[in-house]
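To start, the structure under review is shown below, and the notes come after it.
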Amino acid sequence: MTSTLYYAPGACSLASHIVLEEAGASFETVRLDLAKGDQRAASYLAVNERGRVPALVEDSWILTENTAILRHVARAHPQAGLWPEDLREQAAADEWLCWLSTNHHPAYAHIRRAERYTADESAHDGIRARGLDTYGDLCTMTEVRLSNGGWAVGGRYGVVDPYLLLFWAWGRGPACRFDMAGRFPAWTAHARAMAERPAVRTVFAREGLDLPA
Ligand SMILES: N[C@@H](CCC(=O)N[C@@H](CS)C(=O)NCC(=O)O)C(=O)O
């Protein structure tokens, strides 16, 4: 089977990219430049009519939505141990994935894509500022949940951890510029532990990103 991941450097597709690498999957990548509008090219809309990354194509089967891809790749490669065996740990993994995708991601979109929320340009700064506050509050809640240290679910590395790294990286990045180590030390310890993993190093190098330091 040939798999292809469509991704954009530093976008939410980073999590799917890491999980594919961690799973030991055989896959190719196609890089999109969102700033140039590659996601709206007809050739990409034929893959994902929503014009968003990530998209995973296995043979001619197409799967979109980050959390669906994360679950699918983790379950399809059980030897990698990315999806928990225990039923409650599976539920806890789902809880994390749902919470991050329905809270952190949209809050960040308010910072980066204010124009999606109103056509009134005079309101964009207010939307960005509110998004930044909301993202900061969500980061604080994440910090509390990680304060016992270690990996997100069941004390073992798994599918949630790369998704957490994505939102940590967005907090560090130019849209937020949060002092991640100062404000969120437990989450930063988690990000630094992620940076030790060969799969994470490979993917960060491929996407041209700086590892958590
Ligand atoms: N619900 C989708 C959202 C995907 C999404 O918004 N991806 C962003 C990058 S993080 C994107 O492709 N944006 C392109 C655009 O807005 O034009 C998921 O979680 O996979």
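No value in this document is a laboratory result; all are computed from the given coordinates. Predicted, not measured: the structure shown is a model, and the values here were computed from it. With ideal geometry, Cβ positions are generated from the backbone for all residues, glycine too; neighbour counts draw on all protein chains shown.
Before moving on, here are some points about what is shown:
- Positive-end extreme of charge dipole, the chain - chosen from Ala119, Val30, Trp96 (charges on Cβ): Ala119
- Label-zone membership for region 144-159, site Trp99, 7 angstrom Cα→C-beta point, backbone N under 12 Å: 144-148, 152-153
- Whole-Å semi-axes of region 124-189's equivalent ellipsoid (Cα gyration tensor): 24, 11, 10
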